[in-house]
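These notes are about the structure you will find just below.
Each reported figure results from applying straightforward, stated rules to the coordinates on display, with no laboratory input. Predicted, not measured: the structure shown is a model, and the values here were computed from it. Methodologically, a virtual Cβ is constructed for each residue, glycine included, from the backbone with ideal geometry; neighbour enumeration extends over all protein chains shown.
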Amino acid sequence: MTSSDNAILKSLNDAQRRAVTSKASTVAILAGPGSGKTHTLTSRVVWLIREVGYQPCDIIVATFTVKAAREMRERIGKLLGEDVEKKIVLGTFHSISRRYLSAYGKRIGLDSNFSIADDGDSKGIIKRICERHKLTVEPSYAKSWISKRKAKGSQPTTSQKGKKADHPDLLKGYEEYQEHLQRSNLLDYDDLLVKCVELLQKHSSCVSNVQSVLIDEYQDTNGIQYELMKLFAQKQGRITVVGDPDQSIYGWRSAEVRNLYRLLREFPGTDEVSLEENYRSSQSILDISLRVIQEDKRRYQKVLTPVHAKGARPVLRKLTSSSNEGEWIVSEIKRTMLMFGGMLKYEDVAILLRSAALSRHVESALGKAGISYRMIGGHKFYERKEIKVLIDYLRVVYQPENNDAVARIINVPRRGIGEATVKSLLAEAESEKMSVWTVILKHCRGDRKATTNIRAKMEQRLSSELMRIINGLQQKAADITASSSFSLVDLIEQLISQLNYKKYLEDEYANDHETRWANVREFVNLVSEYLQDSKNTEDDELPEVDEVEQSRQDTMLGKFLANVSLASDAQRGSGEQDQSSMITISTIHAAKGLEWPIVFVPSVYTGSMPHSRSEDIDEERRLLYVAMTRAQALLYLSCPLYGPQGFSNKVELSDFVAPFAEVAFASKGPSIDEPVIQTIGKILDRDPPQSKVIFEKLPPMTSVEDDRFPENPFDPKNSDEIGDARVPRGVKRQRTGPSENSKA
Ligand code: ATP
Ligand code: MG
């Protein structure tokens, strides 16, 4: 069989084929969105296994999101079979590092039972340190300061002698934070990478089997991820990276576009391949997206030409308020579904937001219309109070040294243990250099001299209840395996029942206990899905490597908790769970690398895009470019006249699109005619419905009309006074309470 006959290569163009089959030890594909970089990378993995003969377990593939990893697995599975796909070490940099650390971490003195401190946990710890030292910095600033340092690989003690430390207070805080993590046997996100670098530097034999390392979304790797990439490949040195500098959107997380140039410098002889055809989007969508990014005059120019025909003109719609915007999106979604008579479904639609906080109006409009949605990114389902409590219980069951988790659950449900008691327990643990749990145990057993009144309280309230629950669950948790009859779901059900959790939620949250209880049930569903999924992947296993003994495998509970901590894009459904009937709401960041037939990008105004708090205008532009280039067939941008704060918050259309808004976009809805339908059918590889049916069904344009409002809404002739504000006549004043997210 010649190469070109090969099934893997059939779906590729010449440049992609060259990249897939390249014999160079370093290959770099730098190309625009939708040019098939991920497709090519996946095909190269398949090629390396099938044609070059590498073992699947000797290949490492790093993706940027959990969702991207899942999609890549599915494709490889389809081409090579599940048994092969399962063995590839494929995931985000963080999840791959975690796997190496739980297998070999012992070699650098790590307890294999470590837990992961997610962003919320880290913030909590740092907040307490800042309070203790009366530091005037915001905890979130301190957190990102520490994180930046770690990303650059610098330790808290690296301030050289004689050199004035920048921010000595923070350096001290950093030191304490690290000590705290160590004592609680926790690693934060950055540590996962830092420790993995340390492991692979000291014990290169852990990766002696690795033949090839492949990285997607390379433009967003930071310094330490670059180090890791090199360390993974240290034995055979084979690296393939794919990326696009125009889509670098993680500057705030220390991603360094410079790594692109560093690679070319450090690996001379790198085979550079450029892909110049866009397979994803209609020509009009691509044209208008390129117009946005070309405003960045300093960017490295690349060719990107559409393979598809023009299609429908993208829409830019101006609306009065954010809630009008939400309603308009919903009515447009419904209209499109009818127009395309079954050719397009709800699952084809994504609403991409600059920040998760903007989702309130969209969610509320979808809720009113009864359209189900799922969320990716930004919305931390696992951080909801009612879910976090259950996870914290599980964390204590898994690892009682987790002081933070112990402190959070000690009085939930209420056990009459006040903050003062918790503080004195923490202080006692701190001064005796032991965990809070050990202190509690000692008090309960009466092994300690009765100090304060803690002992009596401990005996009465904790030994009877908390201890019983945790100890009971610990015994059960140890025996859970993938095939045991008592599963993780049973463990969680037992926890929920022992806490009398439904009753607790009813008592504690009179107004919304039903929603919270529904979330708890959703959590149990998620765990059950996780178990189903984990049967299909050997998520935690690493191949046996000569002479390197692996630590014992983690328990089911340990694996699950790590998965929770790393699932930054945990999905949450609402309403019925049939995926095909759900639209997606996502942050733009979490939508990276993905594509949908229909994309809405609301709130394209200055203050949101570019964001008022962002310092890097070019990165904000790239963010809009990433959002727009997710669309395959229909693209809708919108902008309200007033921002989320209501009528006192007049906003302007973003400068990223304003200069050509009038000429380039359609202002109402897309005009759909026969050629447009044919083009969309081709892009999506679907049969177009009979056009007759479509036009008969065509409903009138959206009922939410921007132009029913007067030119100048503040003219007393045209407006009413409500409270202290003047609003356009006929408009009810918006409620501006805290958003759903700020409550969660
Ligand atoms: P991004 O920069 O957004 O991550 P990308 O360059 O990774 O984009 P892919 O997601 O790999 O692009 O591909 C975009 C779409 O084009 C996918 O639907 C993919 O299946 C399709 N595609 C890629 N290459 C080809 C090809 N040679 N022929 C037909 N379709 C292709
Ligand atoms: Mg991609």
#### Entry: Net charge of neighbours whose Cβ lies under 12 Å from the Cβ of Leu473, counting Lys and Arg as +1 and Asp and Glu as -1
0
## Note on the structure
Descending packing, highest mean Cβ count within 10 Å first, for 17-30, 595-608, 415-428 is 595-608, 17-30, 415-428
### Task
Report Rg/Rh for segment 382-533, rounded to two decimals, where Rg is the Cα radius of gyration and Rh the Kirkwood radius.
0.99
#### Entry: Cα-projected label distance for Asn113 with Ala518, points at 7 Å along beta-carbon direction, nm
3.9
## Note on the structure
Dividing the surface of the Cα convex hull of segment 381-442 by four yields a projected area in nm² of 4.2
### Query
If you take all C-alpha pairs in segment 608-687, what percent of them are over 19 Å apart?
53
### Task
May I have the pair-distance distribution P(r) for segment 237-333, computed from all Cα-Cα distances with 5 Å bins from 0 and rounded to whole percent?
2, 9, 14, 15, 16, 15, 12, 8, 4, 3, 2, 0
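Defining a contact as two alpha carbons under 8 Å apart and six or more residues distant in sequence, what relative contact order in percent does segment 280-324 show?
Working: 24 pairs, mean separation 26.5, N = 45.
Here the relative contact order equals 59 percent.
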### Summary
Any residue on another chain or 5+ positions along whose placed amide H is under 5 Å from the amide H of Val307 is listed here as Asn278
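Give the peptides 615-624, 257-266 in descending order of average Cβ contacts within 10 Å, highest first.
Numbers: 615-624: 18.9, 257-266: 15.7.
Highest to lowest by the protection proxy: 615-624, 257-266.
Take peptides 495-502, 36-43, 121-128 and line them up by average Cβ neighbours within 10 Å, highest first, as a rough protection proxy. Working shown, then result.
Details: 495-502: 16.2, 36-43: 23.6, 121-128: 19.8.
Peptide ranking by packing, descending: 36-43, 121-128, 495-502.
A 23 angstrom limit on the alpha carbon distance is what I want to check against. Which of Lys127/Lys433; Lys37/Lys230; Lys86/Lys195; Lys134/Lys423; Lys502/Lys559 exceed it? All intermediate terms of the calculation are to be shown ahead of the outcome.
Numbers: Lys127/Lys433 20 Å; Lys37/Lys230 21 Å; Lys86/Lys195 25 Å; Lys134/Lys423 17 Å; Lys502/Lys559 27 Å.
Too far apart for the 23 Å limit: Lys86/Lys195; Lys502/Lys559.
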### Estimated inter-spin distance, Ser648 and Arg75, nm [label 7 Å along Cα→Cβ]
5.0
### Query
How large is ³J(HN,Hα) for each residue in segment 73-90, as worked out from phi by the Karplus curve 6.51 cos²θ - 1.76 cosθ + 1.60 (θ = phi - 60°), to whole Hz, x for Gly and Pro?
4, 4, 5, 5, x, 5, 7, 10, x, 4, 5, 6, 4, 4, 7, 5, 7, 10
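Rg/Rh for segment 1-157 to two decimals, with Rh computed the Kirkwood way over all alpha-carbon pairs.
Working: Rg = 21.0 Å, Rh = 18.9 Å.
Over the Cα atoms of segment 1-157, Rg/Rh equals 1.11.
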### Note, ³J(HN,Hα) from phi for segment 345-353, Karplus 6.51, -1.76, 1.60, rounded to Hz, x at Gly and Pro
10, 4, 5, 7, 9, 10, 10, 10, 10
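Please compute the contact order of segment 332-428 in relative form: average sequence separation of alpha-carbon pairs under 8 Å and at least six residues apart, divided by the residue count, as a percent.
Numbers: 38 pairs, mean separation 12.2, N = 97.
Across segment 332-428, relative contact order equals 13 percent.
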#### Entry: Percentage relative contact order, segment 382-533, counting C-alpha pairs under 8 Å, at least six apart
24
